[in-house]
Every structure is written in structure tokens, then in C-alpha cells.
Amino acid sequence: MPYPASAPVRERAPQLLRRELQHRLDTLARRHRVPGAQLVLDTGAELVALHTGVADAATGAPFTGDTAVPVGSLTKPYTAALVLLLADDGDLDLDDRAAAHLPEFRQLPDLTIRQLLSHTSGLPAGPDSDAAARTTAARYLAAVCTARDALFPPGTGFSYSNAGYVAAGRLVESVTGMTWQEAVAALLLEPMDTVPAFLGSEPGVEEGGQGAARPVAAGHAFNALTGRVRPVRQNLAPLEAPAGALLLSAADLAAFGGAAVGRAKALAADVADELRRPQPGARPGALADGWGAGLALYRQDGRLWCGHDGNAMGTSCHLRAEPDSGVVVAFTGNAGSATALWRELAVEIAELIGLPVPAAIAPAASAAPGAPIDPAECAGDYRNGGIRYRVETARDGGLTLSVDGDLPLVLRCYADLRYDLIAPDTGRPEPGGWFHRDPATGVIDRVQVSGRTARRVGPA
């Protein structure tokens with residue numbers, strides 16, 4: 001919907017707001033060892049666009065307002081918007097069966113396009129990028145779109161899935177006759193005045209440098225031996241492009257966020273509404289409070305924000321938009337530690353404008369009172385595609401969780417089947433997910449871990 005003429009944010013002299021935000025962005029980037037970052041705050045009445053630091057710590061290339069950052073999963077809302085544009089043109093219907101358009105879904109005849117976009121399809125996450133690079137999109141989907149690997153009946157649960165967006169990209173290509181890159185550039189990026197840039201397929205563009213089209217930032221990791229950050233290379237299979245290949249600036253993300261809340265003509269009102277309309281069965285746990293057909297939903301002080309998070313190799317990028325006020329906040333950072341920067345910055349933005357920005361989901365520690373679930377009910381092996389999760393009873397009677405044999409993390413469980421993960425370095429609770437009880441049998445049959453659901457396959 002269009003935003004009201006007067007956004008409910010604290011009035012502040014524009015230059016003072018800009019100076020304060022710049023100071024805080026600079027300070028937090030240094031504190032969190034983030035080489036470079038961008039921030040755009042658009043209140044509807046005022047637009048503040050800032051940047052700090054370098055695009056590449058090895059070369060010293062400056063981070064500018066136009067620098068494009070690998071945004072990882074923030075690519076997904078663009079792919080979803082493409083599908084919704086096709087639906088708006090009558091080329092498909094969101095409630096069409098995916099199998100009617102893509103033969104790889106013949107074993108899952110009831111799964112719909114809408115469910116692909118809202119992560120309620122029951123598809124597993126999909127193989128990692130190294131494995132995906134050795135196959136084709138058709139074989140990739142045929143391998144995961146099986147009744148054997150389905151996590152739950154379509155529309156009855158939530159599990160974040162790259163495979164669902166590989167399928168959405170294939171759908172775009174099937175309907176338009178263009179590659180996904182061609183379609184997203186022509187139908188979305190160019191109408192939003194965004195210069196197209198993609199991981200692995202943009203001629204002349206190099207990470208951390210000045211390419212033929214625009215400068216691109218490298219991702220960075222912290223080197224414990226030297227105490228410095230170092231550039232890292234991106235790793236994304238070409239077939240995964242619809243799930244994570246875009247390179248964008250915070251200004252680009254803010255333009256998309258504005259369109260998603262009805263402030264720009266690049267997305268028709270019906271498309272924008274569908275992107276953020278809450279979908280049945282979408283209970284994303286640690287990721288968000290709900291999900292639309294492409295955007296995550298966050299409840300904050302009685303308001304429902306929309307947006308998405310994205311992490312590539314050594315980057316952390318975030319978008320939040322509030323439809324009623326029209327406020328949009330976009331952030332990019334070229335280090336994994338930029339997630340912590342973003343969370344602190346969101347608190348400080350709220351202090352400056354008087355409107356709390358939902359940076360992350362709170363831990364479940366405030367769950368409804370009552371006796372926590374019996375750990376013995378939860379212990380067992382769970383599977384999401386090729387990812388294995390093991391829940392075990394600890395010596396103190398609690399639970400631990402390990403993923404693919406990694407060191408186990410302590411769980412703190414609550415009466416409503418939610419749980420927190422206890423961070424090993426700080427001892428603080430972090431949102432984890434929830435256990436699911438089969439309504440017919442009463443048995444715990446699934447666990448959700450950071451947005452991904454795993455089906456129980458064996459006892460402890």
C-alpha cells in the first residue's frame with residue numbers, strides 16, 4: 001500500500017541525522033572488524049545514504065555508494081518478484097502445480113508455485129555448492145524433488161530451501177525463454193535503475209575492484225593468526241544463481257524495498273502485496289515471524305515489517321521495510337562479522353528515528369510458562385536431504401544438537417516446543433527453532449534448526 005504522507009518517525013535535522021549515522025557506522029565497522037559497509041535509511045521524508053571503509057582489504061579499493069556486494073540469499077526476493085510479475089501478466093498462477101511447468105516435480109504432484117516461494121514446499125535444502133557445480137539444474141531438482149526426501153506435506157510447514165529457488169529460477173526461464181540473469185536484469189534491475197551484476201557471470205567485473213560495469217566488494221574472513229581480515233572467494237554453483245548470485249548496493253536494496261511496500265512503480269501493487277502477504281504454514285522459527293511469497297515478515301511493536309537477510313562468503317546484507325510508514329532500511333557489509341554490526345546499528349537507528357527496526361528474532365526464553373518438553377521425546381536422528389542432525393540427551397538431563405557430526409551445541413527447551421541454542425563462546429541463548437509433534441500420534445517427528453526442518457529418521 002502507498003505510505004502515508006507523514007511517516008511516524010522522529011523529526012531530526014537532516015545533516016545532524018547524517019552526521020550521527022555516519023559516525024556510528026564508522027565506529028561500529030571498526031569495532032566489528034568490517035572492512036567496508038553501506039547504509040541507506042529512507043524515511044519517506046528523508047533519504048540518508050552512507051558508506052565507510054574499503055571494498056577489498058588486500059587492495060585498498062574504496063567502498064563507494066555504488067559498490068556492489070554479493071548479497072547471497074537477498075537474491076531470492078528478486079526471483080520471487082520475477083515469478084509474481086509473470087503471474088500478474090497471466091503467464092502462470094501461483095496456485096498452479098509446479099509439476100505442470102517442471103517435469104522434475106512429477107513425484108510431488110500437489111506442490112504449488114506459491115509454496116516454492118514461501119518455503120512451505122517441504123523440499124530439502126539441496127546439495128552444497130560444490131556438489132551442485134557438478135550437475136545440471138534438471139538433475140539437481142530431480143534428485144531432491146522426491147517423495148522420499150519430502151520433509152512434510154506441501155503447505156503444512158516451513159523449511160528454508162535453496163532448491164525451491166533453483167526451481168523458481170527454472171520456472172522463470174521456462175516461461176520467458178530467457179536465462180534467469182536476462183530476465184531479472186530486464187524485468188527488475190533495469191526498471192529500478194540497478195546496474196546488473198552477478199557472481200561468476202559478469203564479464204569484466206572482479207571482486208574487490210573496479211569492473212567494466214561497477215565496482216564490486218570482496219567478502220572477508222577474520223584470520224586469527226594475523227589478527228587481520230582477509231578477502232575470500234565466493235563459491236556458488238551457476239545453477240544456484242536464482243537463490244544467491246546477485247551483487248547489489250544498499251541503495252539497490254533500498255529501491256527494491258521501496259517497491260515492495262508500494263513506493264515505486266517497478267512492482268505493481270498486487271505484486272508487492274503478494275510478496276509480503278503472510279502464507280499459511282509459514283512458521284520460520286529463528287529466521288522471522290512469518291513469510292510471504294518471497295519476503296520474510298517481522299513483528300515489532302505492533303507493526304509488521306517485511307525484508308530478508310543474505311550472507312555470501314564473507315558478507316552480511318539486510319533489508320527491512322515497513323509498509324504503513326514507508327520506512328526502508330538497507331545495509332551491506334563485506335565481512336561475516338557485519339551481522340553483529342547490523343544488529344547494533346539497527347538499535348541505534350531506532351534511537352535516532354524513534355521507530356524500532358527488527359534486526360533479528362528474539363530468543364525463545366520468554367516462551368509460555370510450563371514444564372519443558374521431556375528430552376527423551378526429542379532425542380534421535382533427523383535428516384534434511386544430505387544434512388544430518390543428531391539430538392542427544394546430555395549428562396545434566398538436557399539436550400544437545402550436532403549437525404553433520406560437528407561439536408554439539410546445548411539446547412534450552414520450552415513448554416511450547418521452541419528451543420534456544422546456547423552460544424558456546426558467550427553462554428547466551430540464541431534463537432534455535434522448534435520441535436514438531438505429529439498431531440495424529442503425538443510423537444516428535446521433526447525439528448527445525450535455524451529455519452530448516454529435518455525429519456526424524458531414527459531413535460537416539
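Of note:
- Residue 344 closer than 18 Å to residue 22 by Cα, open to solvent by 10 Å² or more (accessible area, probe 1.4 Å) and at pLDDT 95 or above: yes
- Within the stretch 136-152, if we keep just the residues that are open to solvent by 50 Å² or more (accessible area, probe 1.4 Å) and part of a loop (DSSP other than H, G, I, E, B), the residue that is nearest to residue 91 (Cα to Cα) turns out to be 136.
- The residue list 48, 40, 54 contains one member that is in contact with a Gly (Cβ under 8 Å, 6 or more places away or on another chain) and either modelled with pLDDT under 95 or among the β-branched types (Val, Ile, Thr) (or both), which is 54.
- Screening residue 372 on (1) more than 14 Å from residue 39 (Cα to Cα); (2) open to solvent by less than 10 Å² (accessible area, probe 1.4 Å) shows it passes everything except condition (2).
- Pairs with Cβ under 6 Å, 6+ apart, first in the stretch 148-173 and farther than 16 Å from residue 294 by Cβ and free of Cβ contacts under 8 Å to residues at least 12 places away in the same chain, second open to solvent by less than 10 Å² (accessible area, probe 1.4 Å) and among the aromatic types (Phe, Trp, Tyr): 173/180
- Residue 425, sole failed condition from (1) more than 30 Å from residue 340 (Cα to Cα); (2) open to solvent by 70 Å² or more (accessible area, probe 1.4 Å): (1)
- Qualifying residues in the stretch 412-421 (those that are out of contact with any Asp or Glu (no Cβ under 9 Å at 6 or more places or on another chain) and part of a loop (DSSP other than H, G, I, E, B)) - the one surrounded by the most Cβ atoms within 10 Å (Cβ to Cβ): 417
- Residue in the stretch 104-112 that is within 24 Å of the chain's Cα centre (by Cα) and on the phi > 0 side of the Ramachandran plot present: no
- Scanning the stretch 422-460 for residues that are within 15 Å of residue 374 (Cβ to Cβ), part of a loop (DSSP other than H, G, I, E, B) and in contact with a Gly (Cβ under 7 Å, 6 or more places away or on another chain) gives a single hit, 460.
- When residues in the stretch 175-201 are screened for being open to solvent by 30 Å² or more (accessible area, probe 1.4 Å) and under 16 Å from residue 265 (Cα atoms), 5 of them pass.
- Restricting 49, 57 to those that are in contact (Cβ under 8 Å) with a residue 60 or more places away in the chain, closer than 17 Å to residue 333 by Cβ, open to solvent by 40 Å² or more (accessible area, probe 1.4 Å) and assigned to a strand (DSSP E or B) reduces the list to 49.
- All of (1) free of Cβ contacts under 8 Å to residues at least 24 places away in the same chain; (2) touching a Cys at 6+ places or on another chain (Cβ under 7 Å) hold for residue 295 with one exception: (1).
- Qualifying residue in the stretch 338-346 (condition: farther than 18 Å from residue 256 by Cα and basic (Lys, Arg)): yes
- The stretch 153-162 - residue that is open to solvent by 10 Å² or more (accessible area, probe 1.4 Å) and among the polar types (S, T, N, Q) and, of those, nearest to the chain's Cα centre (by Cα): 162
- Any chance residue 69 is open to solvent by less than 50 Å² (accessible area, probe 1.4 Å), assigned to a strand (DSSP E or B) and touching a residue at least 40 places away in the same chain (Cβ under 8 Å): yes
- Residue count for the stretch 293-331, restricted to those that are part of a loop (DSSP other than H, G, I, E, B) and surrounded by 24 or more Cβ atoms within 10 Å (Cβ to Cβ): 9.
- Test result for residue 359, buried (at least 20 other Cβ atoms within 10 Å of the Cβ), without any contact (Cβ under 8 Å) to a residue 60 or more places away in the chain and either over 21 Å from residue 125 (Cα atoms) or out of contact with any strand residue (DSSP E or B) (no Cβ under 8 Å at 6 or more places or on another chain) (or both): yes
- Each residue in the stretch 380-411 was checked for being assigned to a strand (DSSP E or B), open to solvent by 30 Å² or more (accessible area, probe 1.4 Å) and either basic (Lys, Arg) or touching a residue at least 40 places away in the same chain (Cβ under 8 Å) (or both), and 8 pass.
- Residue in the stretch 108-115 that is open to solvent by 10 Å² or more (accessible area, probe 1.4 Å), out of contact with any Pro (no Cβ under 8 Å at 6 or more places or on another chain), part of a loop (DSSP other than H, G, I, E, B) and within 30 Å of residue 280 (Cα to Cα) present: yes
- Within this structure, residue 280 fails the test of being in contact (Cβ under 8 Å) with a residue 40 or more places away in the chain, open to solvent by less than 10 Å² (accessible area, probe 1.4 Å), outside any helix (DSSP H, G or I) and under 18 Å from residue 155 (Cβ atoms).
- All of (1) of a type in the set (Phe, Trp, Tyr); (2) part of a helix (DSSP H, G or I); (3) open to solvent by 10 Å² or more (accessible area, probe 1.4 Å) hold for residue 165 with one exception: (3).
- When 77, 124 are screened for being surrounded by 15 or more Cβ atoms within 10 Å (Cβ to Cβ) and not in a helix (DSSP H, G or I), only 124 passes.
The values are calculated or read from the model by the stated rules, or taken from the named source; none is laboratory data. All of these numbers come straight from a predicted model, not from anything done at the bench. All Cβ positions, glycine included, derive from the backbone under ideal geometry; neighbour counts span all protein chains shown. Side chains included, ligands, DNA and RNA excluded: accessible areas come from the protein's heavy atoms. Shrake-Rupley method; radii C 1.70, N 1.55, O 1.52, S 1.80 Å.
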